[in-house]
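To start, the structure under review is shown below, and the notes come after it.
The values are calculated or read from the model by the stated rules, or taken from the named source; none is laboratory data. Just so it is clear, the model here is predicted, and its values are computed rather than measured. Glycine gets a Cβ as well: all are built from the backbone with ideal geometry, and neighbour counts include every protein chain shown.
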Amino acid sequence: MTQQHEPSSRTLLVLETDDVTRPILRENLENRGYRILISLNQADATERAANHAESLSLILVNQVGQSTSKSMTTGQMIRRDGGVPESIPVIVLAENYPVALEGRNLKVDEYSYVAYLADGQQLLDLLSELLSV
């Protein structure tokens with residue numbers, strides 16, 4: 001049975017370089033009512049951020065082939081260089097991590113998080129928490 005979700009006016013900028021993950025992530029988030037802007041690299045993400053700075057609710061970076069720290073820096077640079085308010089959260093979806101971190105969300109600073117996902121629901125819960133009105 002498919003769950004019905006209330007539409008959301010929340011716009012997420014998603015930096016996702018993985019060709020397999022990207023369509024799945026997009027579909028899952030759109031099915032929950034989020035408007036998704038997909039970028040394949042930092043330059044494109046920064047341009048999209050600049051073009052949608054007033055409507056962005058969150059920046060989501062999937063860590064692929066680089067450290068979590070580098071991915072966080074990338075997300076924060078997209079926010080800064082795109083002129084997005086600093087209060088807009090950045091979430092990095094960690095790729096490789098110790099089992100002990102699985103299922104945790106680490107708050108890096110006031111508006112930056114690393115999610116060590118145990119499942120997709122964890123991301124949805126974090127989005128709901130951060131984007132609640």
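A few points about this structure:
- Annotation note: Cβ proximity below 8 Å between a residue of region 31-49 that is within 17 Å of LEU131 (Cβ to Cβ) and without any contact (Cβ under 8 Å) to a residue 12 or more places away in the chain and a residue that is crowded, with 20+ Cβ neighbours inside 10 Å and of a type outside the set (Phe, Trp, Tyr) (sequence gap 6+ or interchain) occurs for no pair.
- Given (1) surrounded by fewer than 21 Cβ atoms within 10 Å (Cβ to Cβ); (2) under 20 Å from LEU126 (Cβ atoms), index of the condition SER67 fails: (2)
- Qualifying residues in region 69-86 (those that are in contact with a Ser or Thr (Cβ under 9 Å, 6 or more places away or on another chain) and among the hydrophobic types (A, V, I, L, M, F, W, C)) - the one nearest to SER39 (Cα to Cα): ILE78
To keep it simple, each residue is scored yes or no on (1) out of contact with any Phe, Trp or Tyr (no Cβ under 9 Å at 6 or more places or on another chain); (2) surrounded by fewer than 17 Cβ atoms within 10 Å (Cβ to Cβ); (3) under 22 Å from THR21 (Cα atoms).
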| site | (1), (2), (3) |
| --- | --- |
| LEU37 | yes, no, yes |
| ALA53 | yes, yes, no |
| GLU102 | no, yes, yes |
| ASP125 | yes, yes, yes |
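- Leading residue by the ranking (modelled with the lowest pLDDT) among those in region 14-41 that are out of contact with any Asp or Glu (no Cβ under 8 Å at 6 or more places or on another chain), closer than 15 Å to GLY75 by Cβ and not hydroxyl-bearing (Ser, Thr, Tyr): GLU16
- For first residues located in region 67-81 and on the phi < 0 side of the Ramachandran plot and aromatic (Phe, Trp, Tyr), partners that are in a helix (DSSP H, G or I) and modelled with pLDDT under 95 and lie 6+ apart or on another chain with Cβ distances below 6 Å do not occur.
- Whether a residue is at pLDDT 95 or above and farther than 22 Å from GLN42 by Cβ was assessed, and TYR111 does not pass this test.
- Subset of region 42-64 (residues that are more than 15 Å from LEU93 (Cα to Cα), in contact with a Ser or Thr (Cβ under 7 Å, 6 or more places away or on another chain) and not in a helix (DSSP H, G or I)): HIS52, SER55, LEU56, SER57
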